[in-house]
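A.B. asks: Sharing a structure with you now.
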Amino acid sequence: MGERIRGRKGQQLRRRRLANEPLCRRCKERGRITAATVPDHIKPLALGGEDVDENIRCLCDDCHDQVTREQFGHRRRTEVGADGWPVA
Ligand SMILES: [Zn+2]
């Protein structure tokens, strides 16, 4: 598992990454211009990603929440059958 760089050095790194990519990458792909607030790990550290610039994309809060949910599968998907009841 990759090591997250913490403390003062981590904050400088975060600022530098946001300066490198000031707009949310995911919004930009959808034709929206949104200020990035979070340098996100493309491959999460928890899944073996490394804390290096090549593994970073800057995102806005909303996109960061969404990709985190997708990556960790917290999104609950309930399928509904033809009779309107959830399918087990
Ligand atoms: Zn966004």
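A.B. asks: If exposed means no more than 16 neighbouring beta carbons inside 10 Å and the site is in a DSSP loop, what's the longest run of the chain without any exposed GluC sites (Glu not before Pro)? Each step should come with its number before you reach the end.
C.D. replies: On the way: sites that count: E3, E50, E79.
Value returned for the longest uninterrupted segment is 4-49.
A.B. asks: Something else about it: How far is helix 61-72 tilted off the main Cα axis of the chain, in degrees rounded to 10, range 0 to 90?
C.D. replies: The answer is roughly 60 degrees.
A.B. asks: Per residue, how large is the accessible surface of the chain? Use a 1.4 angstrom probe and give square angstrom. Could you put the intermediate results ahead of the total?
C.D. replies: Working: 6700 Å² over 88 residues.
So the chain comes to 76 Å² accessible per residue, rounded to a whole number.
A.B. asks: To continue, here is another question. For K9, what charge total do you get from the other residues with a beta carbon under 15 Å from its beta carbon, if Lys and Arg give +1 and Asp and Glu give -1? Walk me through the numbers on the way to the answer.
C.D. replies: On the way: positive: R4, R6, R8, R14, R15, R16, R17; negative: E3, D51, D53.
Its environment carries a net charge of +4.
A.B. asks: Would you check the accessible area of I5, probe 1.4 Å, heavy atoms only, in square angstrom rounded to 10?
C.D. replies: Number for this one is 60 Å².
A.B. asks: Can I ask one more? Leaving ligands, DNA and RNA out of it, report the carbon-plus-sulfur percent of the accessible area of the stretch 7-72 at a 1.4 Å probe.
C.D. replies: Numbers: 1980 of 4180 Å².
With neighbouring chains kept in place, the figure for the stretch 7-72 is 47 percent.
A.B. asks: While we're on this one: Using a 10 angstrom Cβ neighbour count of at most 13 plus a DSSP loop assignment to flag exposed trypsin sites (Lys or Arg not before Pro), which longest range of the chain is free of such sites? Numbers along the way, then the final one.
C.D. replies: Details: sites that count: R4, R6, R30, R32, R75, R76, R77.
With a cap of 13 other Cβ atoms within 10 Å, the longest stretch comes to 33-74.
The values are calculated or read from the model by the stated rules, or taken from the named source; none is laboratory data. Treat the numbers as computed from the prediction; the structure is a model and nothing was measured. Counting neighbours? That spans all protein chains shown, and the Cβs are built from the backbone with ideal geometry, glycine included. Side chains are part of the model used for accessible areas, which takes the heavy atoms of the whole protein and leaves out ligands, DNA and RNA. Shrake-Rupley method; radii C 1.70, N 1.55, O 1.52, S 1.80 Å.
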